[in-house]
Amino acid sequence: QSSQGRSGLGYRARWARFSGHMKIVPLVVLGGYLGAGKTTLINHLLRSAQGRRIAVLVNDFGSVNIDADLIEAEADGVLALAGGCVCCSIGADLLGALRRIVERTPCPDLVLLECSGVGIPGTVAQSAALSAQIRVEGIVVVVDAAEFPTRLMDRFVGDTVRVQAQQADLLLLNHLDR
């Protein structure tokens with residue numbers, strides 16, 4: 001991969017970055033099947049942000065259980081979190097949500113985009129890469145190590161789990177103690 005991230009930058013984004021007109025924000029797609037530990041990872045990243053402003057984009061707030069003590073306020077589909085972090089609901093408009101989040105003041109240092117448990121992270125990354133203000137850094141997929149072999153063999157979800165793992169730039173094995 002290039003030093004410009006997974007997607008590289010198109011001409012318009014390169015010119016905007018060169019000319020100083022637009023900030024390019026790094027984005028990491030977080031995938032993994034239901035129960036793999038995505039929410040635990042998100043909460044850990046938010047707790048250890050060390051002053052870094054992380055924007056978390058989710059399909060809906062009900063799908064991610066942000067620890068209550070991290071939430072400072074909620075308004076207009078945005079959760080204000082401790083340390084300058086935010087959590088936003090994507091809804092049906094991913095590119096619109098990305099535009100709104102990078103236009104916030106102050107701008108986030110990183111966008112963490114969580115796929116649904118049955119989502120295909122590569123497809124989400126390709127969609128996010130359409131934004132000139134985003135540089136897709138990679139795809140992290142959380143895998144429940146105890147359930148992974150069983151899920152792979154499941155005739156209903158096996159293909160989804162396999163594709164999620166294949167599209168990862170980084171596989172994070174969780175539940176190794178089971």
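In terms of solvent-accessible area of protein heavy atoms at a 1.4 angstrom probe, what is the ranking of THR39, THR123, highest value first?
Sorted descending by solvent-accessible area, the residues read THR123, THR39.
If you count only protein heavy atoms with a 1.4 Å probe, what accessible area per residue comes out for region 123-178, rounded to a whole Å²? Can you show the working numbers first?
Details: 3250 Å² over 56 residues.
On a per-residue basis, 58 Å².
Which cross-chain or sequence-distant (5 or more) residues have an amide H under 5 Å from the amide H of LEU57, H modelled 1.01 Å from N in plane?
CYS88, LEU112, LEU113, GLU114
For region 163-171, take each phi angle, set θ = phi - 60°, evaluate the Karplus expression 6.51 cos²θ - 1.76 cosθ + 1.60, and give the result in whole Hz per residue in order, putting x for glycine and proline.
With the stated coefficients, region 163-171 comes to 5, 4, 5, 5, 7, 6, 7, 9, 9 Hz.
For region 94-169, what % of the accessible area comes from carbon and sulfur atoms, probe 1.4 Å?
Numbers: 1850 of 3490 Å².
Roughly 53 percent, rounded to a whole number.
The values are calculated or read from the model by the stated rules, or taken from the named source; none is laboratory data. Computed from a predicted model, the values in this text were never measured in an experiment. Only protein heavy atoms, including side chains, enter the accessible area calculation; ligands, DNA and RNA are left aside. Shrake-Rupley method; radii C 1.70, N 1.55, O 1.52, S 1.80 Å.
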